[in-house]
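The values are calculated or read from the model by the stated rules, or taken from the named source; none is laboratory data. Since this is a predicted model, take the numbers as computed values, not measurements. Methodologically, a virtual Cβ is constructed for each residue, glycine included, from the backbone with ideal geometry; neighbour enumeration extends over all protein chains shown. Each accessible area value is taken on the protein alone, full model and side chains, heavy atoms only, with ligands, DNA and RNA left out. Shrake-Rupley method; radii C 1.70, N 1.55, O 1.52, S 1.80 Å.
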6 protein chains.
Amino acid sequence: MRPSGRAPDEMREITITPNFTRHAEGSVLIGFGDTRVLVTASVEERVPPFLRGKGEGWVTAEYGMLPRATHTRGQREAAKGKQSGRTQEIQRLIGRSLRAVTDMKLLGERQITLDCDVLQADGGTRTAAISGAWVALRLAVNKLMAEGAITVDPITTQVAAVSCGIYQGTPVLDLDYPEDSSADADANFVLLANGNIAEAQATAEGATYDEEGLLRLLRLARIGCGRIFDAQLKAVA
Amino acid sequence: MRPSGRAPDEMREITITPNFTRHAEGSVLIGFGDTRVLVTASVEERVPPFLRGKGEGWVTAEYGMLPRATHTRGQREAAKGKQSGRTQEIQRLIGRSLRAVTDMKLLGERQITLDCDVLQADGGTRTAAISGAWVALRLAVNKLMAEGAITVDPITTQVAAVSCGIYQGTPVLDLDYPEDSSADADANFVLLANGNIAEAQATAEGATYDEEGLLRLLRLARIGCGRIFDAQLKAVA
Amino acid sequence: MRPSGRAPDEMREITITPNFTRHAEGSVLIGFGDTRVLVTASVEERVPPFLRGKGEGWVTAEYGMLPRATHTRGQREAAKGKQSGRTQEIQRLIGRSLRAVTDMKLLGERQITLDCDVLQADGGTRTAAISGAWVALRLAVNKLMAEGAITVDPITTQVAAVSCGIYQGTPVLDLDYPEDSSADADANFVLLANGNIAEAQATAEGATYDEEGLLRLLRLARIGCGRIFDAQLKAVA
Amino acid sequence: MRPSGRAPDEMREITITPNFTRHAEGSVLIGFGDTRVLVTASVEERVPPFLRGKGEGWVTAEYGMLPRATHTRGQREAAKGKQSGRTQEIQRLIGRSLRAVTDMKLLGERQITLDCDVLQADGGTRTAAISGAWVALRLAVNKLMAEGAITVDPITTQVAAVSCGIYQGTPVLDLDYPEDSSADADANFVLLANGNIAEAQATAEGATYDEEGLLRLLRLARIGCGRIFDAQLKAVA
Amino acid sequence: MRPSGRAPDEMREITITPNFTRHAEGSVLIGFGDTRVLVTASVEERVPPFLRGKGEGWVTAEYGMLPRATHTRGQREAAKGKQSGRTQEIQRLIGRSLRAVTDMKLLGERQITLDCDVLQADGGTRTAAISGAWVALRLAVNKLMAEGAITVDPITTQVAAVSCGIYQGTPVLDLDYPEDSSADADANFVLLANGNIAEAQATAEGATYDEEGLLRLLRLARIGCGRIFDAQLKAVA
Amino acid sequence: MRPSGRAPDEMREITITPNFTRHAEGSVLIGFGDTRVLVTASVEERVPPFLRGKGEGWVTAEYGMLPRATHTRGQREAAKGKQSGRTQEIQRLIGRSLRAVTDMKLLGERQITLDCDVLQADGGTRTAAISGAWVALRLAVNKLMAEGAITVDPITTQVAAVSCGIYQGTPVLDLDYPEDSSADADANFVLLANGNIAEAQATAEGATYDEEGLLRLLRLARIGCGRIFDAQLKAVA
């Protein structure tokens, strides 16, 4: 049995508050249960050096966790003077995931930065960040289209992410912190609304798994992402 | 006339949401108008090296601003690898202000860290941070007292802060961003509920001021802090 | 057709030179075609702070690429003053992979660090590093056992890794640089000799894939890792 | 009674040696008692990016303390790899103070950097630095005017700074180290020769003060700065 | 007697493997006994800012040591975030030595970077690096001349380096690690094939020496460099 | 002819002001002509980790240059966040030089740090620093002996340093900046009062030299150091 009493294929409550802050072109507070991530999308009329003059845009992400988002206070990365390997790994994943649903030629020579800041953590911060980032990106692109800066929609489909894992021998969906910290295996799937997989990462540090286990986790992820796709659409409606 | 239509001695709406996040011993979301700062108080049963074995506690603060809290996106300090001079100046000010109302002997050999993270900025982030930090500290100390870890209250009085400035020749209270960015002089006062001043900082980069001007700004600050003291009490009631 | 003329399920030549350097407890130069990684295993009789006094060991990894391992010279990370996100991501993966085949209690309170330095890069540096790291770890543990420091073998099975990808629509095994730089999807699998999967990472930045595609890549990885397991055994015989 | 035997409103001896070093456009060694600060003014024919092409100049400052300027050796900031919050706070204050007396349009598109290095510290290093920086700036501008690079004097008036504090219940002027380290309140005032205040900073970490106390400190500061203005004029005569 | 049984004026075996890696314009693995340094020469069609537009080239060097090149593992400089003073001193020496035999006008406006990475250390890594760097530079320049990018050879003569020292009272040539770690004095000479000295560095931390001693060490260095010059010529033949 | 009109074997005026600052155990302002270096010796009752519990002391040095010690302003190393290779090379040389005249057993388990800060530079800053550091060390050790902390003098002899070079074909002593910036070869010698050499460093970046040239420079250095030894003795008398 799961500590939360959830069924193995049951997501936590998904809450999406669009326009949570006012300066960003797109902004959202997303919650997967007690996990809360504030995502903003910032549009800048410039691209990284390697893209200059090519007529293409770029989507990138940064990730951070407030020092006391967690059970015990972690050191502030700005004070330490560097981002941890975990932070860099997550922000690279978020960026790749959103680029998988963006047509860079249609976006035009501009950059959208998705800042994902975890206000409260209870497992699944990276998957909540990706799922929320799509909403922030959608809002920012809507604004660009409303202003006439973009005429054809560069977003090709929805993207969402969810974690799955093997907890006490059972594959479960959307791990919370108590599950995450003692799971035998732990996977994150980034799925597209058109049925494709953008990214699959499955890790076993103590235990291991096989093809069958991988597919079972993926099946749970499809259920979870289905729920997230619905919530995303409601939020941007 | 002020851009917001406020009277010269009129504060923006003060909103204080206690227990905004759940892991920290004390937590609050404070708003001065559109400025929103999340403050958490983290209790740790250790003190900095210079205090070890002296039977005294310590109160310190860290400050950060989310990259898109502002009109245009600022670079993330964790990515740059260092905190700006402004950030360090502000977090030193917050720490001093809260230490001014804490009896370190009564607190005992433990440290309370106040993390002040600006989710949205519209002027006055440091004064909102100080004012919210008192609430977070109060909540954390209440918890320590309820648990019996502390028996006599180490918090001696309330502390609050507000900005004032000379805008188009008129002294005004609680500057918002449009006022702040074009004010002739700009001051921050940290006041105690017992009538004393903990900190006064008044700067004139272009214009200057004299004793008379300084006192007029201080009078406005007393009005503003009175309003904040009331809101703090309601929040912790 | 693959640029190298290889069949889709054909690995490049695997070369493993054990004891390539003399100071380390274990040392190996591993080649996947033109990719060359020098891996050393260093035994230290201490563990990270979080493990002290628990009677358990630790296995960790660091990764680096010589500035001119690649077609054009890259900046030296020591001169830049920080390791890239890519470097950190890779060294975390190597560490997890080797920990998946080590019984930390049997290893005892000591740490083994696997330094993986790429002398020449032609795609697949992280998978060559993992595959070579097992050999270096095996040699170092053999030495500890010969000295009587360890009595029961803490290495539970072999671990190897290989990349796969979809190149011009066809799933292929062990991508070299020309394939890697234009693949539609790109995956790394870390497999154990007992049939289990330690880690699966599949990414699609432009194109995407589905369950079927994921399984096809995994099937190729099983072929490739089989070849590597044989070469590892020969090297440590 | 003050440890030095001075009267409450008595400054320490002010010593100003202009042209202490020879390469800088302006250079001065200033002493407030045993506090010794070397200030150089360096003229560069470029401005920071945010001012380029606007026809305006900039005045900025950097501050440092030699490791053994103090009673016990402090770590060298260049060796630590970063400037402390205190250093940054002070150099920002020095820069603002000098900009308060400079007309940037008249200065023209050039930057003057004031390097303030403390050779020996005995309290009041930041106020000595500001007071000396005015002399170095004056000398550098005189040189620019003598060369014909500037025709109308961009320096509008003199600026000086002094510390005051409440020591054992009595407001005193120009704190030396023994007073500074045990004062109940501690203030720094930056005053202009035209009677205006450029900056007021009053802090109470243990004790606090009120309007009356603030004004009393300010009155002392006016006495002290009067003395400094005279010494500045003699030095540049 | 020397620990290795060598005569006082006997070099260790010199091994030079040209073209050890394939991407660099010049590449060599050089060995002085058990010391192994991989040197690559990278040609870039740009020069440092201070040389732009002057029609001259530049030769520079970087040096690194793999963490387990030594008897006990050293911390990775990229992980520490900075290069040690020793590393910087060595790479400056290598750069100067190679510039001593290069005509920058004939090289033309391009930069050649010599990356010297120690795979295995047994004393004399800096002298092996310099001696190998000449081979890598020679190969890279040969390539530029074969391509017609350079018409007149910019390399004026050969350069080689060797260490000498006073070991147990006797001047000896080419110190290995056991000698180096207990030598009374320790010198490095960089000599040119035309008989001139490019660099002499002789240090005595405990013992000291006089003119006679310095000349005796230099005589040994001439013998050693003669041997290296021969090996260099064979390697590039 | 030398730009200064000096004879080839003529030193600049040597000025040594002992006790230039008051907090350090030893302090001196040394001048070689217009070069001015402030050296302080700080005694601390602790040694670096590698010496703990061995009953031996340590002597080390740090070097810095004020930003405007030179003709044009250099960037402050504390602001850049790292010390240059040149700085590190020089401070390592100063430390070795002073250790060459200190008996670490007699010094006892304490560390003396020599901070050498260049107030004004005109060539020869490292040699002036070494020569002045001996005076500061002597004063600090005298103080320790006067206090009875040390009974037998740990300083074995005097150490001094001077630069020499080949300027327009002529070997000259004690190069000033105009000579240094255009010399054909450039050497620094660290000599002991007992006639021995502690360190010899001779570099030729454009031109080169031979044994004869090296000895001629050394002969000049002996003349120069003789002058410095006299000045040191007068200063500490």
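With respect to (1) farther than 25 Å from F:Y63 by Cα; (2) touching a helix residue (DSSP H, G or I) at 6+ places or on another chain (Cβ under 9 Å); (3) surrounded by 22 or more Cβ atoms within 10 Å (Cβ to Cβ), the lone exception for F:L220 is condition (2).
Of all the residues in the range B:158-180, those that are free of Cβ contacts under 8 Å to residues at least 24 places away in the same chain and of a type in the set (S, T, N, Q) number 1. Every listed requirement among (1) within 11 Å of chain B (Cβ to nearest Cβ); (2) touching an Asp or Glu at 6+ places or on another chain (Cβ under 7 Å) is met by D:Y167 save one, (1). Among C:T17, C:T35, C:T40, which is within 28 Å of C:Q168 (Cα to Cα), within 14 Å of chain E (Cβ to nearest Cβ) and touching a Gly at 6+ places or on another chain (Cβ under 9 Å)? Sole residue among the options that is within 28 Å of C:Q168 (Cα to Cα), within 14 Å of chain E (Cβ to nearest Cβ) and touching a Gly at 6+ places or on another chain (Cβ under 9 Å): C:T35. Say whether the condition of being within 13 Å of chain B (Cβ to nearest Cβ) and in contact with a strand residue (DSSP E or B) (Cβ under 6 Å, 6 or more places away or on another chain) is met by at least one residue in the range D:172-184. Yes - at least one qualifying residue is present in the range D:172-184.
Please verify whether B:L119 is within 14 Å of chain A (Cβ to nearest Cβ) and open to solvent by 10 Å² or more (accessible area, probe 1.4 Å), treating the condition exactly as stated. No; evaluated as a whole, the condition is false for this residue.
Yes/no matrix, rows are residues, columns are (1) under 30 Å from E:A133 (Cα atoms); (2) in contact (Cβ under 8 Å) with a residue 40 or more places away in the chain; (3) within 14 Å of chain A (Cβ to nearest Cβ):
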{"position": "C:L51", "(1), (2), (3)": "no, yes, no"}
{"position": "C:G57", "(1), (2), (3)": "no, yes, no"}
{"position": "C:P67", "(1), (2), (3)": "yes, no, no"}
{"position": "C:G81", "(1), (2), (3)": "yes, no, yes"}
{"position": "C:S84", "(1), (2), (3)": "yes, no, yes"}
{"position": "C:R92", "(1), (2), (3)": "no, no, yes"}
{"position": "C:L114", "(1), (2), (3)": "yes, yes, no"}
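The residue of the range A:100-109 that is modelled with the lowest pLDDT, among those that are surrounded by 21 or more Cβ atoms within 10 Å (Cβ to Cβ) and not β-branched (V, I, T), is A:A100. Taking the criterion of being β-branched (V, I, T), assigned to a loop (DSSP other than H, G, I, E, B) and open to solvent by 60 Å² or more (accessible area, probe 1.4 Å), no residue of the range D:1-56 qualifies. The set of residues from the range D:54-76 being over 30 Å from A:K80 (Cα atoms) and in contact with a helix residue (DSSP H, G or I) (Cβ under 7 Å, 6 or more places away or on another chain) comprises D:G55, D:E56, D:G57, D:W58, D:V59. Residue under question is C:S27, and the condition is that it be out of contact with any His (no Cβ under 8 Å at 6 or more places or on another chain), within 21 Å of C:A160 (Cβ to Cβ) and more than 14 Å from chain A (Cβ to nearest Cβ); does it hold? Yes; evaluated as a whole, the condition is true for this residue. Condition check for F:A79 on (1) aliphatic (A, V, I, L, M); (2) touching a helix residue (DSSP H, G or I) at 6+ places or on another chain (Cβ under 7 Å); (3) part of a helix (DSSP H, G or I): one failure, at (2).
Inclusion of E:R73 among residues that are out of contact with any Leu (no Cβ under 8 Å at 6 or more places or on another chain), under 27 Å from C:T40 (Cα atoms) and more than 14 Å from chain F (Cβ to nearest Cβ) is warranted. If the condition is being within 15 Å of C:A100 (Cα to Cα) and open to solvent by less than 20 Å² (accessible area, probe 1.4 Å), then the range C:133-157 contributes C:A133, C:W134, C:V135, C:L137, C:P154, C:I155. Of note, C:A193 satisfies the criterion of being in contact with a strand residue (DSSP E or B) (Cβ under 8 Å, 6 or more places away or on another chain) and either within 14 Å of another protein chain (Cβ to nearest Cβ) or without any contact (Cβ under 8 Å) to a residue 40 or more places away in the chain (or both).
Considering the range C:203-237, the residues that are touching an Asp or Glu at 6+ places or on another chain (Cβ under 7 Å) and at pLDDT 90 or above include one that is farthest from the other protein chains (Cβ to nearest Cβ), namely C:G224. Looking only at residues in the range C:190-209 that are touching a Phe, Trp or Tyr at 6+ places or on another chain (Cβ under 9 Å) and outside any strand (DSSP E or B), which one is farthest from A:V190 (Cα to Cα)? The extreme case among them is C:A193. Which ones in the range F:164-173 are more than 22 Å from F:R92 (Cβ to Cβ) and open to solvent by less than 50 Å² (accessible area, probe 1.4 Å)? Selection gives F:I166, F:Y167, F:P171, F:V172, F:L173. Apart from one condition, F:A187 fits all of (1) open to solvent by less than 40 Å² (accessible area, probe 1.4 Å); (2) under 16 Å from the mean Cα position of the chain (by Cα); (3) within 14 Å of F:A100 (Cβ to Cβ); the exception is (3).
Residue-level check: of (1) at pLDDT 90 or above; (2) open to solvent by 10 Å² or more (accessible area, probe 1.4 Å); (3) facing chain F (nearest Cβ under 10 Å), E:E199 misses just (2). When you look at F:T102, is it on the phi < 0 side of the Ramachandran plot, of a type in the set (S, T, N, Q) and within 14 Å of chain E (Cβ to nearest Cβ), yes or no? Yes, satisfied.
For the range D:60-81, the set of residues classified as over 22 Å from the mean Cα position of the chain (by Cα) and basic (K, R) consists of D:R73, D:K80, listed by residue number. Taken over the range B:72-86, the criterion of being among the aliphatic types (A, V, I, L, M) and buried (at least 17 other Cβ atoms within 10 Å of the Cβ) is satisfied by B:A78 alone.
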